[in-house]
Amino acid sequence: NILPNPNQGAFALKFYSTAGEVIELRVTNAIGEVVDTRTFEAHSGENHYYISNRYFATGVYFVQLITEKGKGVKRMMVR
């Protein structure tokens, strides 16, 4: 989950992991350009991370979480 959505470039990312693993966060804009990337050490269970990037312009973004097991994508709006 991404909270709040829409936001102003700062948001909380909440996700569940079945095991401790390395997670790559990749944020792309509406035309597919990567505008932010980060790596986290997730633990088993619910994980919470706060992301702030004042350089996000107003628009639609896609937040991807990438692990060895697969990828998940959520749409995010920045006002």
Between His48 and Lys71, the two model label points (7 Å from Cα along the beta-carbon direction) sit apart by a distance in nm of 2.9 nm
When the chain is treated as a Gaussian network with springs between alpha carbons less than 10 Å apart, the largest mean-square fluctuation among Ala19, Ala57, Ala42 is found at Ala19
Taking protein heavy atoms only, a 1.4 Å probe, and rounding to whole percent, the accessible area of the range 1-59 owed to carbon and sulfur comes out at 52 percent
Summed over the other residues with a beta carbon less than 9 angstrom from that of Asn5, with K and R at +1 and D and E at -1, the charge totals +2
With the 1.4 Å probe rolled over protein heavy atoms, the chain has an accessible area per residue in Å² of 63 Å²
In Å³ per residue, the alpha-carbon convex hull of the chain encloses 77 Å³
Note: Glu21 to Thr37 extended length (0.36 nm per residue) minus current alpha-carbon separation gives 4.1 nm
For the range 30-79, averaging the sequence separation of alpha carbon pairs under 8 Å that lie six or more residues apart and dividing by its residue count, the contact order in percent is 32 percent
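The values are calculated or read from the model by the stated rules, or taken from the named source; none is laboratory data. Not measured: the values here are computed from a predicted model. Ideal geometry is used to build each Cβ from the backbone, glycine not excepted, and the neighbour counts take in all protein chains shown. Ligands, DNA and RNA are excluded from the accessible area calculation, which covers all protein heavy atoms including side chains. Shrake-Rupley method; radii C 1.70, N 1.55, O 1.52, S 1.80 Å.
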